[in-house]
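**Q** Starting off with a structure, shown below.
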Amino acid sequence: MTTRVVNRERLAWDAARIVVRVLSSDQVGRWLHEQMATRLGPEPAAALIESRLRMWASPRLDAPQVEAGIWRAKLADLLSTDVSLAAPLREMMAEAAERLAVATDVRVHGQTPPEPPGPRVIDLDAYRP
């Protein structure tokens, strides 16, 4: 029988970085919210929504790094309270990373998203003297 040693601080930091990447995708964000609510409880799931709103409302270019720091602290506290959550957290983050790799709606904080393809409306009044 082998025993797996969990470095809670490292797991919290790695998971925090993935959580912040997930905030850039609605597709993966919805999935992670459901998983957190089921596996970790309602508080982390609610914090995910708050974090997403805070990050995208912030004009700061370092908002993702700030959120990563917040999540590292939250997850470290969660793991210090209940070490049995390490395995579900590790599994969720591995699957989240896989889902992010194929997500089609990932945005980058601080960059304006490109306009969707298709017909556009031209405001002719803007060109009149």
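The values are calculated or read from the model by the stated rules, or taken from the named source; none is laboratory data. All of these numbers come straight from a predicted model, not from anything done at the bench. Here the Cβ positions follow ideal geometry from the backbone for every residue, glycine too, while neighbour counts run over all protein chains shown. Heavy atoms of the whole protein, side chains included, go into the accessibility calculation; ligands, DNA and RNA do not. Shrake-Rupley method; radii C 1.70, N 1.55, O 1.52, S 1.80 Å.
**Q** Ignoring any ligand, DNA or RNA, what whole percent of the accessible area of segment 22-106 comes from carbon and sulfur when the probe is 1.4 angstrom?
**A** 57 percent
**Q** Using semi-axes √(5λ) of the Cα gyration tensor in Å as the read-out, say which of (1) 37, 15, 12; (2) 23, 15, 14; (3) 35, 15, 11 was calculated from these coordinates.
**A** Working out semi-axes √(5λ) of the Cα gyration tensor in Å from the coordinates points to (1).
**Q** Using a Förster distance of 22 angstrom, determine the FRET efficiency expected from the C-beta separation of ALA46 and ASP77, and round it to 0.05.
**A** 0.90
**Q** Measuring with a 1.4 Å probe in the full set of protein chains, what accessible area per residue, in whole Å², belongs to the chain?
**A** 68 Å²
**Q** Let me ask you something else. Using a Gaussian network model on the chain with a 10 Å cutoff between Cα atoms, which of ALA45, ALA63, ALA101 fluctuates the most?
**A** ALA101
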